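In what follows, a structure is listed as structure tokens, so that the remarks can point back to it.
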Amino acid sequence: MSGRKPRGGAAAADEPTFRAGFVTFVGRPNVGKSTLTNALVGEKVAITSSKPQTTRRAIRGIVHRASGQLIVVDTPGIHRPRTLLGERLNAVVQDTLGDVDVIGFCVPANEPIGPGDRFINEQLDSFARTRKVAIVTKTDAAGGTRVAEQLLAVSQLREWDLIIPLSAVTGDQVDLLAEQLIALMPESPALYDDDAVTDESTDDRVAELIREAALEGVSDELPHSLAVTVDEMTERSPGGVLDIFANVWVERDSQKGIIIGHRGSRLTEVGTRARLEIEQLMGRRVFLKLHVKVAKEWQRDPKQLGKLGF
């Protein structure tokens, strides 16, 4: 996969085999892929939301274990696109699937397998050489009988290298998944430094945290129209308050009013939620200034998509 840059020398003959490689999780939107990525990494590297299609690009989270290193590539959910943005999100998934060592197919324990799951399972046939595991997520939201039924249903879809139920929320079996995935990876030196958790830029992580805060409590249509860009990040003095100026983009003037709210009340709430998350990420006090701007029908406009980073 692009970015596979081994570091360090070969292991001595008497040392345990070290493995490293890439895994991506696929599934319908909102099956818990980003939550699982964060649980594996042990830190928030991908935003989460109850809104479908929250993830918009391939985000790498790096998992460190004594037995190896796992690079988790969190991708958008596979869906039937209605816009140019949707087509590009699906393309991100397809490009990633062809470039990883293992594909993890996620199915929630508390929902029956449906046409969307079967469609994605069929897509996996195109990657015959890639190892495939089935992950039954959200076991905390289903009883033991339901989990067992889902495991059986998943096992009938195809031959898997591994089938495992887990809860990313409670952490149940997450460590086991990490070790099992590493065991499926090729022998390799570590691909990232020991303290790396992601290769996302700080600007991108900040923009995503703002978008996550803006997604809270909005209608089903609006999330797809939201994008965030960071204009500037400057510190007032070395180690002092970090000033961040960012834009929240929408597609229509009516959406701008929704984000701002009555006398700016909703935008203030968004800013407060985002600032607290950003301060946790940066480990310092933050002043966050948000502006809401309109880029008409940006999801369908190639130039606007490029400007917004898609």
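The values are calculated or read from the model by the stated rules, or taken from the named source; none is laboratory data. Everything numeric in this text was worked out from a predicted model, so none of it was measured. Positions of Cβ are backbone-derived with ideal geometry, glycine not excepted, and every protein chain shown enters the neighbour counts.
The residue of the stretch 134-178 that is farthest from the chain's Cα centre (by Cα), among those that are part of a strand (DSSP E or B) and within 20 Å of G42 (Cβ to Cβ), is I164. Among the residues of the stretch 247-271, those that are among the β-branched types (V, I, T) and within 20 Å of E232 (Cβ to Cβ) comprise V248, V270.
Screening C106 against (1) touching a helix residue (DSSP H, G or I) at 6+ places or on another chain (Cβ under 8 Å); (2) modelled with pLDDT of 75 or more; (3) in a loop (DSSP other than H, G, I, E, B) leaves a single unmet condition, (3).
So that you can scan it fast, the table gives a plain yes or no per residue for (1) without any contact (Cβ under 8 Å) to a residue 12 or more places away in the chain; (2) within 19 Å of S225 (Cβ to Cβ); (3) basic (K, R); (4) surrounded by fewer than 19 Cβ atoms within 10 Å (Cβ to Cβ):
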residue	(1), (2), (3), (4)
D243	no, no, no, yes
A246	no, yes, no, no
W249	no, yes, no, no
G257	yes, yes, no, yes
E277	no, no, no, no
K296	no, yes, yes, yes
D301	no, yes, no, yes
L305	no, yes, no, yes
F310	no, yes, no, yes
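All conditions in (1) modelled with pLDDT of 70 or more; (2) surrounded by fewer than 21 Cβ atoms within 10 Å (Cβ to Cβ) hold for R82, with the sole exception of (1).
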